[in-house]
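What follows is one structure encoded as structure tokens, with my remarks underneath.
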Amino acid sequence: MGANIAIAIVDDDELVRTSMAGLLRSFGIRTVAFESADALLATGADSFDCIVSDLQMPGTSGLELRRILNSQAHVVPVIIMTAFPERVNDARRLGEHFPLIEKPIDSGQLI
């Protein structure tokens, strides 16, 4: 892929963050992991090419993070990951469309 790509990983589960970061780094992708959407927003999400975020977290959810970022001038693509894909049905019924990856993560699908 390339070291010029930077991906933010946002998940309150440390094991998920570290395993995803390791996988992406093995493909030459720079990663920065955040334990919450609020922590990412505090540092500036616009420095990333893509964000992979858990759906459910304390504080700002993955969908709320996506909505916040989509309202800004520099839109950063957000991939939502969840162990509960049925919980995104309401958002999809309201016309929101976004990439969704189910947990446990299939590394081939993520890449």
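If you scan the range 46-60, which residues turn out to be surrounded by fewer than 20 Cβ atoms within 10 Å (Cβ to Cβ) and either touching a helix residue (DSSP H, G or I) at 6+ places or on another chain (Cβ under 6 Å) or under 19 Å from residue 85 (Cα atoms) (or both)?
Residues of the range 46-60 surrounded by fewer than 20 Cβ atoms within 10 Å (Cβ to Cβ): 46-47, 49-50, 56, 58-60.
Listed by number, the residues that qualify are 56, 58, 59, 60.
Would you confirm whether or not the range 31-39 contains a residue that is open to solvent by less than 70 Å² (accessible area, probe 1.4 Å) and of a type in the set (Val, Ile, Thr)?
Yes, the range 31-39 contains at least one residue that is open to solvent by less than 70 Å² (accessible area, probe 1.4 Å) and of a type in the set (Val, Ile, Thr).
Hey, residue 5 hits all of (1) farther than 18 Å from residue 110 by Cα; (2) open to solvent by 30 Å² or more (accessible area, probe 1.4 Å); (3) at pLDDT below 95 but one; which does it fall short on?
The one condition residue 5 does not meet is (1).
Residues that are touching a residue at least 40 places away in the same chain (Cβ under 8 Å): which helices (runs of 4 or more DSSP H) entirely in the range 1-110 hold 1 or more of them?
Filter on the range 1-110 gives 14-26, 62-70, 107-110.
Report whether or not residue 43 is more than 11 Å from the chain's Cα centre (by Cα), more than 25 Å from residue 86 (Cα to Cα), open to solvent by 20 Å² or more (accessible area, probe 1.4 Å) and modelled with pLDDT of 95 or more. If you could, list the steps in order and put the result at the bottom.
On the way: more than 11 Å from the chain's Cα centre (by Cα): yes; more than 25 Å from residue 86 (Cα to Cα): yes; open to solvent by 20 Å² or more (accessible area, probe 1.4 Å): yes; modelled with pLDDT of 95 or more: no.
The answer is no for residue 43.
The values are calculated or read from the model by the stated rules, or taken from the named source; none is laboratory data. Just so you know, these numbers come straight off a predicted model, no measurement behind them. Ideal geometry is used to build each Cβ from the backbone, glycine not excepted, and the neighbour counts take in all protein chains shown. These accessible areas exclude ligands, DNA and RNA; they are computed on the full protein's heavy atoms, side chains included. Shrake-Rupley method; radii C 1.70, N 1.55, O 1.52, S 1.80 Å.
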